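As structure tokens, the structure follows; a few thoughts come after it.
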Amino acid sequence: MPETAVFAALASPVRRQVLQVLRDEGPQPVAALSARFELARPSFSEHLKVLRDAGLASETRQGRQRVYRLEPAALQDVRAWLEPFEQFWAARLAGLGAVLDELP
């Protein structure tokens, strides 16, 4: 199951927050990313490694800096997995809407 690594990476609030920063603000040097978190550098580096290994982020070198970038394609597996649940809830809410429409 290829999405297993993605789900494991998304299980951490720190990693989800890193992905949000990369989504909202674009590629970031490691120093700028790590400054947002109260974590020891080795701990933060491990979070970045998990994101890289899951394919959710990539690293490039720009001079002496390592810059991280969001790789959203890896989230397609999550979206595909969630789609049946979205359909389930959409059907349930539509049914609730029909019941509510029939009430006086």
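Values for this structure:
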read-out: Every residue from segment 11-22 that is hydrophobic (A, V, I, L, M, F, W, C) and crowded, with 19+ Cβ neighbours inside 10 Å; value: VAL18, LEU19, LEU22
read-out: Filter pass, LEU56 being in contact with a strand residue (DSSP E or B) (Cβ under 6 Å, 6 or more places away or on another chain) and surrounded by 14 or more Cβ atoms within 10 Å (Cβ to Cβ); value: no
read-out: Residues of segment 83-95 that turn out to be surrounded by 10 or more Cβ atoms within 10 Å (Cβ to Cβ) and either touching a Phe, Trp or Tyr at 6+ places or on another chain (Cβ under 8 Å) or at pLDDT 85 or above (or both), as a count; value: 1
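The values are calculated or read from the model by the stated rules, or taken from the named source; none is laboratory data. Given the structure is predicted, the values throughout are model-derived calculations rather than measurements. We place every Cβ from the backbone using ideal geometry, glycine too, and count neighbours over all the protein chains shown.
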